[in-house]
Structures are given as structure tokens and as C-alpha cells.
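One structure is given here, and the rest of the page talks about it.
The values are calculated or read from the model by the stated rules, or taken from the named source; none is laboratory data. Source: prediction; values computed, not measured. Here the Cβ positions follow ideal geometry from the backbone for every residue, glycine too, while neighbour counts run over all protein chains shown. Side chains are part of the model used for accessible areas, which takes the heavy atoms of the whole protein and leaves out ligands, DNA and RNA. Shrake-Rupley method; radii C 1.70, N 1.55, O 1.52, S 1.80 Å.
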Amino acid sequence: MEYSKILAALFINTLLVVAPLVVMATDPDPLQDFCVADLNGVPSVNGYPCQPSSSAGDEFLFSSRVTKGGDPTLNPNGSNVTELDVNEWPGLNTLGVSMNRVDFAPGGTNPPHIHPRATEVGLVTRGELLVGIIGSLDSGNRYYSKVVRAGETFVIPRGLMHFQFNVGKDEATMVVSFNSQNPGIIFAPLTMFGSSPPIPTPVLAKALRVDAEVVDLIKSKFTGGY
Ligand code: GLV
Ligand code: MN
């Protein structure tokens, strides 16, 4: 076979392998009405095993966990996240959705972070939050932002860096939903400066274009995690 034909065949083969993965970019569809997670079971590749339906009862469809938030002033970020993913609400297992409630003290922030497995849609329920989203290099690293007020909504495309910051005088609260039962979270400051074991200081000094002392100072702020 000619060289160009071999290349074309390789290209088509690669597409055939990759295309189904692109279609499966979010949580897989369930194959039953529900599959209440057996949190003590050994997780399989995609989620927890199901409890027998006879032992699940009715309550798995309901949760009152986000009726109350935590005290945002207890955290150095000035925010408190009440998670409601499959680990707190086993009824979400295989359903491809989850939620968070986040409470903010005045000046508090939910620091820049990424959800590797989900798009996020949020509703501010009290106060006013500056919501910032940074596009990928495709967008020229564009920073999109708006002050979002009670009753207003926002959306964060999967994998994009974003934050919320309370710009009001009073506490603020938002409730967000994800199109994954386990969206995951990668906090930018903690990832760079609080990993375990740490990223070597010369790597960060070079990447950030600062002296090693600056890196070590920032690292010292993240020894306790978040
Ligand atoms: C908000 O961005 C959240 O992930 O809870
Ligand atoms: Mn988020």
C-alpha cells in the first residue's frame, strides 16, 4: 500500500477509536431506574455498586442536606462548601447529577478551581457574587465576569477555571448543580502550592518567573490544605 494510503487508514482507525470516547464525555447513562449507592461496596470503574432495591426504601430520592450551610467565617477562604454529590446522597449513583451549596462571608471566596468531570450551573440565592471564568488559550485566555445577584444564574463550562467572590456587605449563598454524580474539584492554589508531596520549588519559580523565596512563602500558606 502507498504511504499516503497507510496514513489515511491509520487516521480513520484513530477516529473510530476516539469518536465513541467523545460521545461518552459525561457520566454514562443508567441502565435501570435507580441504583442507590452501596457506599461500603467497592467502587467499580464508574460509580458504586447498587444496594438491593428492597433495602433502599423511599428516602433515597430526597435530601435535606443543603437546607443549612456551614459557617463561612471558620475557613480562611471565607466560604463554606456543603457538598451533595454521590458520597453524601447515595441515590445520585448512576444518575449523572449532583449539587453543592456554598455560603460566603463578606469578602469570602470560593478560590479559582476546575471541575474535571462536569459543567456547573448555579443560582445565587442571597447576596451578590462576582463570578469569574477564564477561557482556555483558544479564547486568548479571556476572563469573563459578572456580579451575579440573588435570583440570577450562571454557567461554567466543564474544565474551565472559575471562582466566586462575595462583593456584598452581607453573607451570600449560591446553590450549584453539576452534570456528574462526582464532578471532582481541582483548586488552583492548593494544587500548585499544597500538593503532597510538593511540586519542587525550582519548577514553580521558573514557571511563575519569581524567586524561590516567593514560592516557599506561598507554599507555607498551604501546609494545612483547605
Ligand atoms: C462552585 O463553583 C462550586 O464548585 O461549588
Ligand atoms: Mn465550581
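Being under 19 Å from PRO116 (Cβ atoms), of a type in the set (Val, Ile, Thr), within 16 Å of ligand 2 (Cβ to nearest atom) and surrounded by 12 or more Cβ atoms within 10 Å (Cβ to Cβ): is that true of ILE186 here? Answer is yes for this residue. Sort out which residues of segment 61-84 are within 15 Å of ligand 2 (Cβ to nearest atom), farther than 23 Å from ASP170 by Cβ and either in contact with a Gly (Cβ under 7 Å, 6 or more places away or on another chain) or open to solvent by 70 Å² or more (accessible area, probe 1.4 Å) (or both), and write them in order of number. Answer for segment 61-84, where residues must be within 15 Å of ligand 2 (Cβ to nearest atom), farther than 23 Å from ASP170 by Cβ and either in contact with a Gly (Cβ under 7 Å, 6 or more places away or on another chain) or open to solvent by 70 Å² or more (accessible area, probe 1.4 Å) (or both): just GLU83. Within segment 118-129, the residues that satisfy the criterion of being more than 10 Å from MET174 (Cβ to Cβ), open to solvent by 30 Å² or more (accessible area, probe 1.4 Å) and within 12 Å of ligand 1 (Cβ to nearest atom) are THR119, VAL121. Screening GLY91 against (1) outside any helix (DSSP H, G or I); (2) crowded, with 16+ Cβ neighbours inside 10 Å leaves a single unmet condition, (1).
One line per residue, one yes/no per condition, for (1) at pLDDT 95 or above; (2) touching a helix residue (DSSP H, G or I) at 6+ places or on another chain (Cβ under 9 Å); (3) within 12 Å of ligand 1 (Cβ to nearest atom):
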position	(1), (2), (3)
ARG142	yes, no, no
GLY159	yes, no, no
HIS162	yes, no, yes
PRO189	yes, yes, no
PRO200	yes, no, no
ALA212	yes, yes, no
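Restricting segment 30-60 to residues that are in a strand (DSSP E or B) and in contact (Cβ under 8 Å) with a residue 40 or more places away in the chain, which is most open to solvent (accessible area, probe 1.4 Å)? Please lay out each step first, then the result.
Restricting attention to segment 30-60, the residues satisfying the condition of being in a strand (DSSP E or B) are 37, 44, 47, 50.
Now restrict to residues that are in contact (Cβ under 8 Å) with a residue 40 or more places away in the chain: 37, 47, 50.
Details: ALA37: 1, GLY47: 16, CYS50: 67 Å².
Within segment 30-60, the match that is most open to solvent (accessible area, probe 1.4 Å) is CYS50.
Out of all the residues in segment 134-152, is one or more of a type in the set (A, V, I, L, M), within 11 Å of ligand 2 (Cβ to nearest atom) and open to solvent by less than 60 Å² (accessible area, probe 1.4 Å)? No, there is no match, as no residue in segment 134-152 is of a type in the set (A, V, I, L, M), within 11 Å of ligand 2 (Cβ to nearest atom) and open to solvent by less than 60 Å² (accessible area, probe 1.4 Å).
On the given criteria, is ALA172 open to solvent by 40 Å² or more (accessible area, probe 1.4 Å) and away from ligand 2 (no atom under 13 Å from the Cβ)? Give the derivation first.
Details: open to solvent by 40 Å² or more (accessible area, probe 1.4 Å): no; away from ligand 2 (no atom under 13 Å from the Cβ): yes.
So ALA172 does not fit the description; no.
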